[in-house]
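K.L.:
After the structure tokens below, expect a handful of questions from me.
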Amino acid sequence: MKLLLIPDKFKGSLTSEEVAKAFTAGVKKAGVQFTSHYIKASDGGDGFMNAVMHYKACISVQVISQNPLGKTIQSYYLYNQESNSAFIELANASGMELLLGNELNPMLTSTYGTGLQIKDAIEKGVKHIYLGLGGSATNDGGIGIASALGYEFLNEKKEVLPTIGRSLSQIKSINDSNVSDRIKNVSFYAINDVTNPLYGLDGAAYVYAIQKGATREMIEELDFGLKNLDTVVINHFKYSNAAISGSGAAGGVAYGLKTFLGAKFYRGVDFVLNLSGINSLLKKEKFDFIITGEGKIDSQTLQGKLIQGVLELGLREKIPVITICGKLDVEKKELKKLGVFDAIEIQDSSKDLEYNMRYAADLLTAKTAEFFSVLQK
């Protein structure tokens, strides 16, 4: 049996490498004769730069930046000399991981720190900038990034507003007279893992702001603010990107990158799988199963993230896909409609979350062994 492993991390408990190791241990425990090939993938969220480094020769460029609340931090991005490209992970300077739980508040957070990373890359002469979106603590529509590159967002008194979520509803005009012409010579790519529009019930605020610390009242204000930003953008630039699939990614950062920097959208899973050379691999090798998964599989898992991309790959190549997860929060029959061969849920429902996360590797190995023991009968 030949297995192609393309798992995501189990956030908070296992890296994708650890998932693959525990899985293959389970297959071996079941007594199955097999070979496996592991692909380090990412959907563009946190872990994006690790995936890039796995396939491209890059150096780490250190930058003094700011965290989502404006505190000075040491950050970095990757540079590939061969293609004169920078790879920046939004979560590195604007991520939830940089804040304590009680600090999460998308009304007060900004992507300005990521903008400082982009500015540094541009000043060093980089011509291609790839931004992995995901894991952000922000809902600022990308105005923080834009501000670091010279854009100003003004209220009705023509005062420059701080580029935080709370300011979105106060923006009345945009000043772009201080934006460097050097931006025009740089190609930007938003590595984007979701399909949500900028605002509305399926938009950035209503779908994602709650996990960033927003209350119901904040969500409504942020959604109104994103809509207001787009209204101002229409008045200033005479076009709108709000309804484009994926513009709501990372609190609207994808919208901001496209609007202010002319970024092209590139689905994260496709980008990293292309880096991995998977098409060449599939021409040479025939696999019996593709294995993918993440910590929790739910309805959001099926909206442009890694698992969806792997499912599409499996359908295209006619290779059955097995998903593994800590918790399965969608009916198996729904997954099977999408082409999933079967799903393995590893949690021990008699234990609490802390136990399941601590012993995730052992649980994964045991449940995998159980699954393959039945499969080969």
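The values are calculated or read from the model by the stated rules, or taken from the named source; none is laboratory data. Computed from a predicted model, the values in this text were never measured in an experiment. Reconstructed Cβ throughout: ideal geometry from the backbone, glycine too, with neighbour counts over all protein chains shown. Just the protein is used for accessible areas: all its heavy atoms, side chains included, with ligands, DNA and RNA removed. Shrake-Rupley method; radii C 1.70, N 1.55, O 1.52, S 1.80 Å.
K.L.:
Could you tell me which of the residues Asn84, Asn67, Asn105 is open to solvent by 20 Å² or more (accessible area, probe 1.4 Å) and under 26 Å from Glu217 (Cα atoms)?
P.N.:
Asn105
K.L.:
Considering each residue of segment 108-128, count those that are open to solvent by 10 Å² or more (accessible area, probe 1.4 Å) and not small (Gly, Ala, Ser), and give that number.
P.N.:
Count: 10.
K.L.:
In addition: What number of residues within segment 160-180 satisfy the criterion of being open to solvent by less than 20 Å² (accessible area, probe 1.4 Å) and assigned to a strand (DSSP E or B)?
P.N.:
Selection size over segment 160-180: 1.
K.L.:
State which residue is farthest from the chain's Cα centre (by Cα) when the search covers only segment 250-275 and only residues that are open to solvent by less than 30 Å² (accessible area, probe 1.4 Å) and modelled with pLDDT under 90. Show your work before the answer.
P.N.:
Taking segment 250-275 first, the residues open to solvent by less than 30 Å² (accessible area, probe 1.4 Å) are 250-257, 259-261, 263, 268-269, 271-273.
Narrowing further to those that are modelled with pLDDT under 90: 268-269, 271-273.
On the way: Gly268: 7, Val269: 9, Phe271: 12, Val272: 12, Leu273: 14 Å.
If we take residues in segment 250-275 being open to solvent by less than 30 Å² (accessible area, probe 1.4 Å) and modelled with pLDDT under 90, then Leu273 is farthest from the chain's Cα centre (by Cα).
K.L.:
Under 9 Å by Cβ, and 6 or more places apart or on different chains, what pairs join a residue from segment 1-19 that is assigned to a helix (DSSP H, G or I) with one that is of a type in the set (Ser, Thr, Tyr)?
P.N.:
Ser16/Tyr38; Ser16/Ser42; Glu17/Tyr38
K.L.:
Can I ask one more? Is it the case that segment 5-17 has a residue that's under 23 Å from Asn279 (Cβ atoms) and among the hydrophobic types (A, V, I, L, M, F, W, C)?
P.N.:
Yes, segment 5-17 contains a residue that is under 23 Å from Asn279 (Cβ atoms) and among the hydrophobic types (A, V, I, L, M, F, W, C).
K.L.:
Conditions: (1) among the β-branched types (Val, Ile, Thr); (2) in contact with an Asp or Glu (Cβ under 8 Å, 6 or more places away or on another chain); (3) buried (at least 19 other Cβ atoms within 10 Å of the Cβ). Val61 meets all but one. Number of the miss?
P.N.:
(3)
K.L.:
Now for a different question. If a residue must be part of a loop (DSSP other than H, G, I, E, B) and either among the acidic types (Asp, Glu) or more than 24 Å from Phe224 (Cα to Cα) (or both), how many such residues does segment 181-200 contain? I'd like the intermediate steps shown before the answer.
P.N.:
Pass one, segment 181-200, residues part of a loop (DSSP other than H, G, I, E, B): 186, 193-200.
Now restrict to residues that are either among the acidic types (Asp, Glu) or more than 24 Å from Phe224 (Cα to Cα) (or both): 186, 193.
Result for segment 181-200: 2.
K.L.:
Scan segment 5-29 residue by residue and report those that are at pLDDT 95 or above and either over 24 Å from Ser373 (Cβ atoms) or over 22 Å from the mean Cα position of the chain (by Cα) (or both).
P.N.:
Scanning segment 5-29 gives Lys21, Ala22, Phe23, Thr24, Ala25, Gly26, Val27, Lys28, Lys29.
Every residue, every condition in (1) over 18 Å from Ser16 (Cα atoms); (2) acidic (Asp, Glu); (3) over 22 Å from the mean Cα position of the chain (by Cα); (4) surrounded by 15 or more Cβ atoms within 10 Å (Cβ to Cβ), yes or no:
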| site | (1), (2), (3), (4) |
| --- | --- |
| Lys296 | no, no, no, yes |
| Lys333 | yes, no, yes, no |
| Lys337 | yes, no, yes, no |
| Val340 | yes, no, yes, yes |
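K.L.:
While we're on this one: The conditions are (1) among the charged types (D, E, K, R); (2) closer than 20 Å to Leu3 by Cβ; (3) over 25 Å from the mean Cα position of the chain (by Cα); (4) open to solvent by 70 Å² or more (accessible area, probe 1.4 Å), and Lys367 fails exactly one of them. Which is it?
P.N.:
Unmet condition: (4).
K.L.:
Sticking with this structure for a sec: Considering only residues that are acidic (Asp, Glu) and farther than 25 Å from Ile244 by Cα, which ones fall in segment 126-182? Give the derivation first.
P.N.:
Of all residues in segment 126-182, those acidic (Asp, Glu) come to 140, 152, 156, 159, 176, 181.
Passing the criteria: Glu156, Glu159, Asp181.
K.L.:
Exactly one of (1) open to solvent by 20 Å² or more (accessible area, probe 1.4 Å); (2) in contact (Cβ under 8 Å) with a residue 24 or more places away in the chain is unmet by Ser247. Its number?
P.N.:
For Ser247, the failing item is (1).
K.L.:
Ok, one more. Which of the numbered conditions does Gly203 fail, given that it passes all the others? Conditions: (1) more than 13 Å from Ala250 (Cα to Cα); (2) in contact with an Asp or Glu (Cβ under 8 Å, 6 or more places away or on another chain).
P.N.:
Every condition holds for Gly203 apart from (1).
K.L.:
Shifting gears a bit: Looking at (1) more than 19 Å from Ser180 (Cβ to Cβ); (2) in contact with a Lys or Arg (Cβ under 8 Å, 6 or more places away or on another chain), can you tell me which one Asn84 breaks?
P.N.:
Looking at each condition in turn, Asn84 falls short on (1).
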